[in-house]
Amino acid sequence: MLMKTDDLGVPRFTNQNLIDMIYSGNADKCHVVLCEPSNDIDKFNSAMEAQGFDKLQKYIPLDVDKTQFDAVCQSEWLMPDTYKQLDVVRWLHHAQFHKHYDEKRIDRIDDELYQYEKYGMIDLLRYLIYLVDFMRENNIVWGVGRGSSVASYVLYLIGIHKVDSFKYNLDYKEFLR
């Protein structure tokens, strides 16, 4: 089913999407709102109630800008509190795999961390550390690396990918732009 999302990433369904969900038996599993202006909401809700389904809610736009919305969403990561409190800078500088670091590698870590902090992505790094730990503990296999993310040395150290971007002199700004 083709689904549209609004500027905040909230799913929006067309009337045809809703009809397809009703006939496929999936409407009771979804909480949806109409994305098209319609005067038939009351008629539709009456028909839905007659069939034992929940009524559709009218879409009310949030009175919040995207930056504020993203900040709230990113502060609600579902992970153990120990990871939510993790000092990412200290973790990266003192992790067990940093036995042979030279000054250039440490400077690269600091430069990247400055950019991650500038873009408000430190919580994301905390979550990625948790995610990699979770996948390792549960023997979940993930890829070698993909796209511009392999340019980030910090992501390499966390274990998100297996490409040593410092060794290959990849510019992390390719990933963070």
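The values are calculated or read from the model by the stated rules, or taken from the named source; none is laboratory data. Model, not experiment: these values are computed from the prediction. Here Cβ is always computed from backbone atoms with ideal geometry, including for glycine, and neighbour counts include all displayed protein chains.
Out of all the residues in the stretch 74-87, is one or more at pLDDT below 90 and under 22 Å from Glu174 (Cα atoms)?
There is no residue in the stretch 74-87 that is at pLDDT below 90 and under 22 Å from Glu174 (Cα atoms).
State all residues of the stretch 45-68 that are of a type in the set (Phe, Trp, Tyr) and at pLDDT 75 or above; if no residue qualifies, say none.
Our first condition is that a residue be of a type in the set (Phe, Trp, Tyr); within the stretch 45-68, this holds for 53, 59.
Passing the criteria: only Phe53.
Report whether or not Arg126 is more than 22 Å from the chain's Cα centre (by Cα) and in contact (Cβ under 8 Å) with a residue 40 or more places away in the chain. Full working, then the answer.
Working: more than 22 Å from the chain's Cα centre (by Cα): no; in contact (Cβ under 8 Å) with a residue 40 or more places away in the chain: yes.
So Arg126 does not fit the description; no.
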